[in-house]
1. Based on other C-beta atoms within 10 Å, arrange F78, F308, F175 from fewest to most.
2. Once amide H atoms are placed 1.01 Å from N in the peptide plane, what residues at a sequence separation of 5 or more from A58, or on another chain, have their amide H within under 5 Å of its amide H?
3. Can you list residues whose amide H is under 5 Å from C12's amide H, if they're 5+ apart or on another chain and H is modeled 1.01 Å from N?
4. Can you give me the orientation-averaged projected area of the convex hull built on the Cα atoms of the chain, in nm²?
5. Applying the Karplus parametrisation 6.51 cos²θ - 1.76 cosθ + 1.60 with θ = phi - 60° to the phi angles of the stretch 356-370, what ³J(HN,Hα) value in whole Hz is obtained for each residue in order, glycine and proline being reported as x?
6. Counting helices only, and only those DSSP H runs with n ≥ 4, report the 222 nm mean residue ellipticity of the chain as the sum of -39,500 (n - 2.57) divided by its residues, in deg cm²/dmol to the nearest 500.
7. For the peptides 11-17, 325-331, what is the packing order when you average, over each peptide's residues, the other Cβ atoms within 10 Å and list the highest mean first?
8. HN-Hα J couplings of the stretch 281-288 from phi, Karplus 6.51/-1.76/1.60, θ = phi - 60°, integer Hz, Gly and Pro as x?
Amino acid sequence: MSHFSYRDGVLCAENMPLTAIASQFGTPAYVYSRKALVENFSAYADMCKGRDALVCYAMKANSNLAILNLLAKHGAGFDLVSGGELLRVIAAGGDPKKCLFSGVGKSRDEMALALSHDILCFNVESIPELHRLNQVAGELGKTAPVSLRVNPNVDAKTHPYIATGLKANKFGVAFDDALATYRTASQLPHINVIGIDCHIGSQLLDDAPLLEALDKLIELIDTLAQQGIVLHHLDLGGGIGITYDDEKPVAVRDYLERVFARIDQWRSTRHDGAPIKIIFEPGRSVVGNAGVLLTKVEYIKPGAEKNFCIVDAAMNDLMRPAMYQAWMGVQEVRKRNDAAVTYDVVGPICESGDWLARDRQLAVVQDDLLAIASAGAYGMTMASNYNTRGRAVEVMVDGDRAHLIRKREEPGDLFALESIPA
């Protein structure tokens, strides 16, 4: 997290002290670095320059309009998984024609919405979905561009909740069934088969499983071409991990170099000469290390077996530790010379699962600030209103300026849509 560093003993986002952000906007607060977002996206986009390639940001990682707008201005397309996410892209000034629609449970209304905006492609995950999409497209007088999400049964070696490429997972068309499914799709009157898609999981530290999946997709593309089904894009999904603790994920540049070398080698041996666009769907690796969750210490509570640092952020603000037992870095915003004590960092929610970090060495007192590191991905998008808690404020830092990009929810906002029967 190169854009979050200490200056004169105070943790800063770019040139902005987090103490100043807490004073101006309160806590809990998600704080993002604009420079980090641009640099992380550019790691993909710069490698794709001069090639027929597209980087579609997986917006489920963080879908704030300001972040979508920033990435759209830098040429991003978007990978979305709901009709609501498509409307977010449009509201942020993104181009629907650079959007992919993934997900196993697309509704008729979502299909119609996406067709009305002429999205780039539907990543279809089952035969029933194919038939529904064909029917909806026919009713609208449209032809739906389709890529099949193929499940290559490759072990991503990641947490089971974020592994998506095995036979036991709900995602995609089984590799052994893909050829028959492509034949079915190619015969439907309102379906235009244009590509192939694959996403085997998230937080991958090694690119070997991704390259193994690529080889299987290339094999399938060649088999399809022999049967007259020529594909025009190959979507490798996302999945490259970030550093939360001491992980050493593969560098984006190294991964893309190996992908393009394999693609170039393959294309040099193709006899049909058909061009093929390469698409990537990064999410976590763009926003994860670009954000922190800023929180205030409410109480220090010593115990016989555990010492607790009780903060004003909670599992409703950051679900990953409770849901995945995820390790999140914790930093004191203002460095103290006091001796560190081992604490569990916990929130105020009435659940034993409401913890953000366990067994951390911290030198803190009541009213100090902590920063939960690497919280830019799957923080705010997974937040809830449990215990009638408003979701956190969001702030984007650009140099020495802080911009409010989402107001804090107030209690009245949370029950404004409810009503009491007469």
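1. Starting with the residue having the fewest Cβ neighbours, the order is F308, F175, F78.
2. D79, G283
3. S5, Y6, R7, L18
4. Numbers: hull surface 93.4 nm².
The number I arrive at for the chain is 23.4 nm².
5. These are the phi-based 3J(HN,Hα) values: 10, 6, 10, 6, 10, 7, 9, 10, 9, 10, 3, 6, 5, 10, 10 Hz.
6. So the calculated ellipticity at 222 nm is -9000 deg cm²/dmol.
7. Numbers: 11-17: 20.1, 325-331: 17.6.
Most protected by this proxy first, the peptides run 11-17, 325-331.
8. Values per residue, Gly and Pro as x: 10, x, x, 3, 5, 8, 10, x Hz.
Every read-out reported here was derived from the displayed coordinates using simple, explicitly stated rules and does not represent laboratory data. Treat the numbers as computed from the prediction; the structure is a model and nothing was measured. As a convention, Cβ positions derive from the backbone with ideal geometry for all residues, glycine included, and neighbour counts pool all protein chains shown.
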